[in-house]
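Working notes, beginning with the structure itself.
The values are calculated or read from the model by the stated rules, or taken from the named source; none is laboratory data. Given the structure is predicted, the values throughout are model-derived calculations rather than measurements. Because the Cβ atoms are built from the backbone with ideal geometry, glycine has one as well, and the counts that use them run over all protein chains shown. The protein model used for the area step is the full one, side chains on, heavy atoms only, and it has no ligands, DNA or RNA in it. Shrake-Rupley method; radii C 1.70, N 1.55, O 1.52, S 1.80 Å.
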4 protein chains.
Amino acid sequence: MSDPIHIPADPGQYGYTFGGREAIAAVKPGAPITLRTLDCFGGKVRTVDDLPSQVCEFPYLNPVTGPLHVEGAEPGDTLAVHVVSLTPASSFGISSTFPHFGALTSTGYTRTLQEPLEERVWLYDIDLDAQTVRYRARRSDFTVDLPLAPMLGTVGVAPAANEVRQTIVPDVHGGNLDTPLLGPGATLYLGVNVPGALLALGDGHARQGDGEVCGVAVEVAMDVTVVVDVIKGVPTGTPRLETDDQLVSLGAARPLEDAFRISQDDLVRHVASLTGLDLLDAYQLVSQTTSARAGNVVDPQYVMSAAIDKRYLPGTVAYGGVHERLRNG
Amino acid sequence: MSDPIHIPADPGQYGYTFGGREAIAAVKPGAPITLRTLDCFGGKVRTVDDLPSQVCEFPYLNPVTGPLHVEGAEPGDTLAVHVVSLTPASSFGISSTFPHFGALTSTGYTRTLQEPLEERVWLYDIDLDAQTVRYRARRSDFTVDLPLAPMLGTVGVAPAANEVRQTIVPDVHGGNLDTPLLGPGATLYLGVNVPGALLALGDGHARQGDGEVCGVAVEVAMDVTVVVDVIKGVPTGTPRLETDDQLVSLGAARPLEDAFRISQDDLVRHVASLTGLDLLDAYQLVSQTTSARAGNVVDPQYVMSAAIDKRYLPGTVAYGGVHERLRNG
Amino acid sequence: MSDPIHIPADPGQYGYTFGGREAIAAVKPGAPITLRTLDCFGGKVRTVDDLPSQVCEFPYLNPVTGPLHVEGAEPGDTLAVHVVSLTPASSFGISSTFPHFGALTSTGYTRTLQEPLEERVWLYDIDLDAQTVRYRARRSDFTVDLPLAPMLGTVGVAPAANEVRQTIVPDVHGGNLDTPLLGPGATLYLGVNVPGALLALGDGHARQGDGEVCGVAVEVAMDVTVVVDVIKGVPTGTPRLETDDQLVSLGAARPLEDAFRISQDDLVRHVASLTGLDLLDAYQLVSQTTSARAGNVVDPQYVMSAAIDKRYLPGTVAYGGVHERLRNG
Amino acid sequence: MSDPIHIPADPGQYGYTFGGREAIAAVKPGAPITLRTLDCFGGKVRTVDDLPSQVCEFPYLNPVTGPLHVEGAEPGDTLAVHVVSLTPASSFGISSTFPHFGALTSTGYTRTLQEPLEERVWLYDIDLDAQTVRYRARRSDFTVDLPLAPMLGTVGVAPAANEVRQTIVPDVHGGNLDTPLLGPGATLYLGVNVPGALLALGDGHARQGDGEVCGVAVEVAMDVTVVVDVIKGVPTGTPRLETDDQLVSLGAARPLEDAFRISQDDLVRHVASLTGLDLLDAYQLVSQTTSARAGNVVDPQYVMSAAIDKRYLPGTVAYGGVHERLRNG
């Protein structure tokens, strides 16, 4: 294992795009990397009276830490990002509604002539000992403890073809994937488009429901440890993810059926490649075994995941076993 | 409990529409009902050489058993259908591709000028003792045992406003919902549109992945026991479902985001109604807790489910506790 | 030419479904048929204070006149419906917003938690001499005269496979197509699904913009003259339309891209069939010549039209020249 | 009028993104600007045997000329781009199918497991005297002359928030709008995001059908004359367009209904602003008068146009009459 790398929590480390920025540090495959991510509001929402539309400067939301230059990563390779640990760096998490953002409101895309929903902020108490986040209603006394389930909403690399995208956008370069599957123990696979990959990450969630339906998870600054590796000469199209139990393909697109199609198509092709099944035989196997969950249904592109249990693919190993290697340190 | 009712497996009991048919039997709330459903091919596909497009008469697929007149059900009530048990009535299940049907092919709606995929049939061995279904590739020796997970693909009542819909269509009257959540132990809630509700059910699956992506699950004739109840004066809009652990709202629509929106909107309103939360507080709670899975993404309307764990709604009981009553016989 | 047929304006002639009703009269190919259609509100909205949600009984809107049994029409044939003339039967037309209906509002499908738009009614003065309809704002003095451009919103036949659909739904059987192209001089082609076809029509519009974006055109009772013909042994899939200048294919579906795809795919195949071009050559020709306009973007299924000028298809005649024959009486 | 500016046809003037590039020249409002645009293939397809997938380097298609720094343009202003003239710079135009690109094929977004369509190239003869382009089938002798109708497919400025987008993408910054409305005599309005706006343009079409359904118009290098102006302190959201007869709003999004909604919502708000109508009165007027046509239904975002005849808005002038001023030179 290489020496650990610590990225200090310096203002210069944050950005609002994938692509278009210089690396803030170089990192080696195999070396644990520790860093702190800001919450999606950049830490500006601290009470229920801090309305995001007033305290934040749009569209500069969702800051990411990075980019990090990964030694040896070249276009055509795959970058594996293994999440070792995620620890909320605050005793409270924040959620909110935004005017014209979310799945159950008209938006800048799905435009209507109706008045926007009320903008409202919720604070959640985070209890690391109990591993809970406490929901408290704003208009009644209702309270309930939910399990802490930390995850990273946004992990990505520089896009291809010189594009620069806001961090709010998920696409083939990763970005704002917002899937609850991206928690401790998971390995994310991203295709590399530029030398050094230029990895950046942020948007920690203390927990999130599928679809992130109001548009905002339980947002929190996060102490993050990841370790990366480079799979040379193996390209990855749409982002993939691996846990101890599952192989997952992620699709980012609008409309939602296209996000679904991309995730399922990619899983079929991945399964075919791993097992030697022909495409239709793989299509059949996936059809009877896949779990298909919404990631976000609120961002400029939506995300669907397609997951298959590895036990249904006996004798196969994805990406040369990198997940197991990174998992076991 | 009322006396059990057995519907004999008589050819006259099957139909291809919801609405437009006379009841084949009357049933009482609380009485166990046993019946056999046909597979979606009407039993006509028996070997891998029986191509559905050749042995079936389109569009007469997906036969349902019924309709059953439920005593006391009137428009404005809710019909609760509790699935007591599902046992495959055959030692094999069948799946297939269809030309221009499925999620990873162009279809009659998503039309392209490309050639259709090959039509191919798969037979699965069903082992009731081991509780497995065995997948066997058609173009290689790959074989794997998958857990038996029986469910009903199609359960519905007569639509409102005199409409008659093919059984392939899911909508507010139920129909071809194709969600793996509708297995033994689940209670489905459907709004009643006509006197007697006119319940019909079919399309048993030995198992199915989320999305039913190739268009066809592991289809099998099924021995079914259900018990029904009527919640008087309580309407239900889009179908809902309850298990011991979860409350679920189902949305059926195209595009997929609308199926998602319907399911989430309904769950938010249901949670608000149960807990007394205002709509935005309920929206927030659902946002952090919901599981959002694809039902089917292949039928004339798609289905998404939105599920919340009941433990996050302490002290609440849905539909007056009918699920617990029916569950406990 | 056969003797003219007049359908008297009797309450029993109106219905709210395609399919599920007995023919009210038999008609012969070639005979002019005169009848009156009701407006989509069934005549119940007469002043700007008659809010549709209060004076109408939902979902019983959009009454159609019929069905008419067309002599000689059999499944597998095509019914040609030529619109000879359309004359508003009232001195005023009506439009309105509906709560949760229209393209710039959340709806029962595209659900949000927002408040509905105000329900408001507009009355238009119809001047047959000037051939104008006068728009008058409700909240200011703004007034403007628009050209009278009468059309039928809803024309259809009984669906296949015993389905019964509300008249609000457009699909392969026709129905609520809501295209401004369906005015005097146009011939609509519909596939026949049942003996006699069971033609019904209604929903006259004094004029309508593409997309019918608020959900309601300038609705008016209409004196209608049509003449029908049967093209034996020639099936029609999705509805087609012909004018003196253009061949048009209509696609009805959600999402809107599928309505677009259906209309374009059908036009490509129609052009290939008429010209002998192979599919890709026809695809190319259509790509450079088609006009693609929204029909409605508000109903349970949306409609797009794909039109090509006949002058780009020299030497071809559609459906054996039936349009020209009916056009010339 | 300022002195004319000529941009020489130098290789350095072309780029493949909006944003991310330095201005190649400064231009003054009011001065005619002449330049040559390359066709979307960069001139590399010259015969029917030059398959784009072989002779072009993906994704480097759709080169634009520019960017041009417009004096005085600042964020928050609107840039008006008036098209004075467009003259094809070649005696032939080119179209093609691409594998997995176009509306009637599966694509990288709408993925299927089917084989791609054949890649095929068509050459059109351009006759400037006759003002025609000649279609010639590849698999038969069919030939037909179509009217020459030159337009620019791609006109845009640098995006906001430091984003850099490929030229293939249409969005609020303009880009690959692909609407046949953008021909000689039209004025395009774009919101300015950066000092100097950084205007670029390209992708000339000798003609194009609505929707650009096969994905490729009749592509041709173009001699272009435009003149620009800056409307100070007047922002523009989604692109708008004005001709002598019509005001048009353009919406770019997926799915197609969102492109439709954006275009209609913007037209409603524009009409309300010009006439003083309240939003619902403007919604009503637009509903009865709008023409809604597909721009492209093939790019990463689709485009719909919403057009209203200016004669229905008596006494109003858009953007202070800049169209009339630029039109009259």
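Set side by side, the residues A:S85, A:S106, A:S95, A:S53 differ, and just one is of a type in the set (S, T, N, Q) and touching a helix residue (DSSP H, G or I) at 6+ places or on another chain (Cβ under 7 Å), which is A:S95.
Do the conditions hold for C:V322, that is, is it more than 14 Å from chain D (Cβ to nearest Cβ) and buried (at least 24 other Cβ atoms within 10 Å of the Cβ)?
No: the conditions fail for C:V322.
Residues in region B:112-148 that are in a strand (DSSP E or B) and of a type in the set (S, T, N, Q): B:T132, B:T143. Which of the residues that make up region C:201-216 are over 11 Å from the mean Cα position of the chain (by Cα) and part of a strand (DSSP E or B)? Within region C:201-216, C:G211 is the sole residue that qualifies. Entry remark, region B:261-281: residues being in contact with a helix residue (DSSP H, G or I) (Cβ under 9 Å, 6 or more places away or on another chain), more than 7 Å from every other protein chain (Cβ to nearest Cβ) and open to solvent by 10 Å² or more (accessible area, probe 1.4 Å) number 5 in total. Each residue in region C:1-30 was checked for being assigned to a loop (DSSP other than H, G, I, E, B), surrounded by 14 or more Cβ atoms within 10 Å (Cβ to Cβ) and at pLDDT 95 or above, and 9 of them qualify.
Being closer than 30 Å to B:R240 by Cβ and open to solvent by 10 Å² or more (accessible area, probe 1.4 Å) is true for just one of B:S85, B:S95, B:S91. Which residue is that? Explain how you work it out, then say what you get.
Numbers: B:S95 fails: open to solvent by 10 Å² or more (accessible area, probe 1.4 Å); B:S91 fails: closer than 30 Å to B:R240 by Cβ.
Only one candidate qualifies: B:S85.
When the residues of region C:112-160 are narrowed to those that are closer than 18 Å to C:G215 by Cβ and touching a His at 6+ places or on another chain (Cβ under 7 Å), which ends up surrounded by the fewest Cβ atoms within 10 Å (Cβ to Cβ)? If we take residues in region C:112-160 being closer than 18 Å to C:G215 by Cβ and touching a His at 6+ places or on another chain (Cβ under 7 Å), then C:P116 is surrounded by the fewest Cβ atoms within 10 Å (Cβ to Cβ).
Could we say that A:V234 is among the hydrophobic types (A, V, I, L, M, F, W, C) and open to solvent by 20 Å² or more (accessible area, probe 1.4 Å) here? Here the answer is yes, as A:V234 does meet what is asked. Report whether or not C:T289 is out of contact with any Pro (no Cβ under 7 Å at 6 or more places or on another chain), polar (S, T, N, Q), open to solvent by 10 Å² or more (accessible area, probe 1.4 Å) and more than 7 Å from every other protein chain (Cβ to nearest Cβ). When the stated conditions are applied, C:T289 does not pass them. Before we move on, is B:T243 in contact with a helix residue (DSSP H, G or I) (Cβ under 9 Å, 6 or more places away or on another chain), modelled with pLDDT of 95 or more and either at the interface with chain A (Cβ under 7 Å from one of its Cβ atoms) or within 29 Å of D:R254 (Cα to Cα) (or both)? It is false that B:T243 is in contact with a helix residue (DSSP H, G or I) (Cβ under 9 Å, 6 or more places away or on another chain), modelled with pLDDT of 95 or more and either at the interface with chain A (Cβ under 7 Å from one of its Cβ atoms) or within 29 Å of D:R254 (Cα to Cα) (or both). A single entry from D:Y60, D:Y109 fulfils the requirement of being part of a loop (DSSP other than H, G, I, E, B), at pLDDT below 95, within 30 Å of A:R21 (Cα to Cα) and open to solvent by 20 Å² or more (accessible area, probe 1.4 Å): D:Y60.
Annotation note: of B:A306, B:A221, the sole residue that is away from chain A (no Cβ under 14 Å), among the small types (G, A, S) and within 30 Å of B:L104 (Cβ to Cβ) is B:A221. Could you tell me whether any residue of region D:144-156 is farther than 30 Å from A:R21 by Cα and within 14 Å of chain A (Cβ to nearest Cβ)? So far as region D:144-156 goes, no, none of its residues is farther than 30 Å from A:R21 by Cα and within 14 Å of chain A (Cβ to nearest Cβ).
A:R36 meets all of the listed conditions (1) open to solvent by 40 Å² or more (accessible area, probe 1.4 Å); (2) over 20 Å from the mean Cα position of the chain (by Cα); (3) charged (D, E, K, R) but one, namely (2).
Taking the residues in region B:60-104 that are free of Cβ contacts under 8 Å to residues at least 60 places away in the same chain and either more than 14 Å from chain C (Cβ to nearest Cβ) or among the β-branched types (V, I, T) (or both) as candidates, determine which candidate is farthest from B:V228 (Cα to Cα). Here the answer is B:P99. Contact map, region A:117-136: first residue at positive phi, second residue open to solvent by 30 Å² or more (accessible area, probe 1.4 Å), Cβ cut-off under 7 Å, separation 6 or more or different chains; pairs are A:Q131/A:P147. Checked against (1) open to solvent by less than 10 Å² (accessible area, probe 1.4 Å); (2) touching a residue at least 40 places away in the same chain (Cβ under 8 Å); (3) within 14 Å of chain B (Cβ to nearest Cβ); (4) of a type outside the set (S, T, N, Q), A:G209 passes all but condition (2). Could you list, in sequence order, all residues of region B:166-197 that are crowded, with 24+ Cβ neighbours inside 10 Å and not in a loop (DSSP other than H, G, I, E, B)? Selection gives B:P170, B:G174, B:G175, B:T187, B:L188, B:Y189, B:L190, B:A197.
Can we say D:D49 is part of a loop (DSSP other than H, G, I, E, B) and either free of Cβ contacts under 8 Å to residues at least 24 places away in the same chain or open to solvent by 50 Å² or more (accessible area, probe 1.4 Å) (or both)?
Judged against the criteria, D:D49 is a match.
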